[in-house]
Amino acid sequence: MKNFTKLLAVILCMVIALSTSACSLKPQYSYKTDDTELAIGVYIYALYSAYSQAESLAQNTEGYDSEAGTYDGSESFLKVQITDEEGVTATADEWITTQADKTVRNLLAIEHEYNRLGATMDEATVEGYKASAKEYWDYGPYYSMYGEQYINPYKDIFEPLGVSYESFEYFYVTSAKQEVVFDLLYADGGEKGVNDEELTKYFTENYTSYSYFNTNMYEAKEATADTAESGGTLSTNVALSDSEVKKIESNFKGYVDSLNGGKKFDDVVDKFMKDYELENDPSTSNVEIMDNSVIGEELVSAINELDEGKASNKAVGEENSQVMYLFYKGKIADKVDEYIKDATNRKSVLQNYKGEEFTAYIDELAKSLDIEVSKAVSKYTPAMFEE
């Protein structure tokens, strides 16, 4: 999924960033093929996006001083050696230029495949993307969530830079085209089609179904602040008494024994809620590839060690802040219908399965296309964003 969404993230970065460059109104093209011509602003944006990525990479180098905001003593990071996720090492300015070129070529590859496949999008889908673009353009990214007090129109940011609404909208529509191309190529019966049997095999071999719940083995207590600056109270964690800890350990061992004895997870959750006088279900359940999980290495390790249909418990955390967890690994075969027959879940699994392959396919296609690059492109360099 990460590989599949990398290009999409580049296209949609304009949507989620409050400060960026964008498409110029100058009647110039940047890159073009026989059927598609991209404005010079598309290249400028790709360059800016790469610039932002390179800056993050530079900030992870040893020479970066976060307090001074300098790189080996310089305010500019453009000559810093950076290494990206693919292991490519280059000076930042070289990396930015290369990455921008690759991004624009990949956009043209998506356009090419969309046209080659005779792809279409229904009007409702297109209008939905355009409506989202229009809302962000007129009101900004937070209006729909927080209301008028958070209006921050993108047009106020981009129009002074020479960005038309049409250029802004282009990125939304192109991101939609990428999804359409992927769906057509990998749909059952498509040129690179994946049927349910193949996808089920991938799903059951790579995904894990798990659940867990937890309780704290400490409590937060207020302590009077000694500092004059504070003058109030501070909260500090205090470990529970030995008897309270032993009670939790005994309860959780009982939950584990019940699950390992064949009791349903929901029934054990009900027992846990009664024991700890909880009104709302505190448990978490998920189906995912554990290597991609964000729940933390210690929890991932505990779940990976389990056999399907089995449970365990473990205290996690430092002294005075330990949390007792119960982990349960379900049978992944029980989730096949939910994740293979459901269109939304199936698409997510398919993207995880074939996303890396699709990205490589687009990369290679971009290299093979007959693409003309405007001389105007050379006028734009990473240094322009420092100015």
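Among residues of region 334-355 that are within 15 Å of L184 (Cβ to Cβ) and modelled with pLDDT of 95 or more, none has a beta-carbon under 8 Å from a residue that is buried (at least 20 other Cβ atoms within 10 Å of the Cβ) and polar (S, T, N, Q) at least six positions away or on a different chain. The strands (runs of 3 or more DSSP E) located wholly in region 238-330 that include 2 or more residues which are modelled with pLDDT of 95 or more, over 27 Å from the mean Cα position of the chain (by Cα) and within 22 Å of Y207 (Cβ to Cβ) occupy 310-316. Can you tell which of V194, V268 is surrounded by 15 or more Cβ atoms within 10 Å (Cβ to Cβ) and under 30 Å from L107 (Cα atoms)? Step by step, each of V194, V268 is checked, and only V194 is surrounded by 15 or more Cβ atoms within 10 Å (Cβ to Cβ) and under 30 Å from L107 (Cα atoms). Selection of region 68-89 for residues being of a type in the set (D, E) and either at pLDDT 95 or above or more than 24 Å from E387 (Cβ to Cβ) (or both) yields D84, E85, E86. Going by what's in this entry, would D257 be described as touching a residue at least 12 places away in the same chain (Cβ under 8 Å), more than 15 Å from Y325 (Cβ to Cβ) and out of contact with any Ser or Thr (no Cβ under 9 Å at 6 or more places or on another chain)? Criteria not met by D257. Regarding region 123-138, can at least one residue be identified that is in contact with a Pro (Cβ under 6 Å, 6 or more places away or on another chain) and not β-branched (V, I, T)? Yes, because at least one residue in region 123-138 is in contact with a Pro (Cβ under 6 Å, 6 or more places away or on another chain) and not β-branched (V, I, T).
Among the residues of region 49-65 satisfying the criterion of being in contact (Cβ under 8 Å) with a residue 40 or more places away in the chain and within 17 Å of V80 (Cα to Cα), which is surrounded by the fewest Cβ atoms within 10 Å (Cβ to Cβ)? Here the residue is Q53.
Taken residue by residue, region 331-344 has at least one member that is closer than 30 Å to D270 by Cβ, of a type in the set (K, R) and touching an Asp or Glu at 6+ places or on another chain (Cβ under 9 Å). When you look at K347, is it outside the structural domain of A239 (by TED's automatic domain parsing), closer than 17 Å to T204 by Cα and surrounded by 13 or more Cβ atoms within 10 Å (Cβ to Cβ), yes or no? When the stated conditions are applied, K347 passes them. When F385, F358 are checked against the criterion of being within 23 Å of W95 (Cβ to Cβ) and in a helix (DSSP H, G or I), a single residue qualifies: F385. Of the helices (runs of 4 or more DSSP H) that lie entirely inside region 137-214, those containing 2 or more residues that are more than 26 Å from I40 (Cα to Cα) span 143-146, 165-186, 196-206.
Yes/no matrix, rows are residues, columns are (1) of a type in the set (A, V, I, L, M); (2) surrounded by fewer than 12 Cβ atoms within 10 Å (Cβ to Cβ); (3) touching a strand residue (DSSP E or B) at 6+ places or on another chain (Cβ under 6 Å):
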site: P282; (1), (2), (3): no, no, yes
site: I295; (1), (2), (3): yes, no, no
site: N320; (1), (2), (3): no, no, yes
site: I332; (1), (2), (3): yes, no, yes
site: K341; (1), (2), (3): no, yes, no
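The values are calculated or read from the model by the stated rules, or taken from the named source; none is laboratory data. Quick caveat: nothing in here was measured; it's all calculated off a predicted structure. Cβ atoms come from the backbone with ideal geometry, glycine included; neighbour counts cover every protein chain shown.
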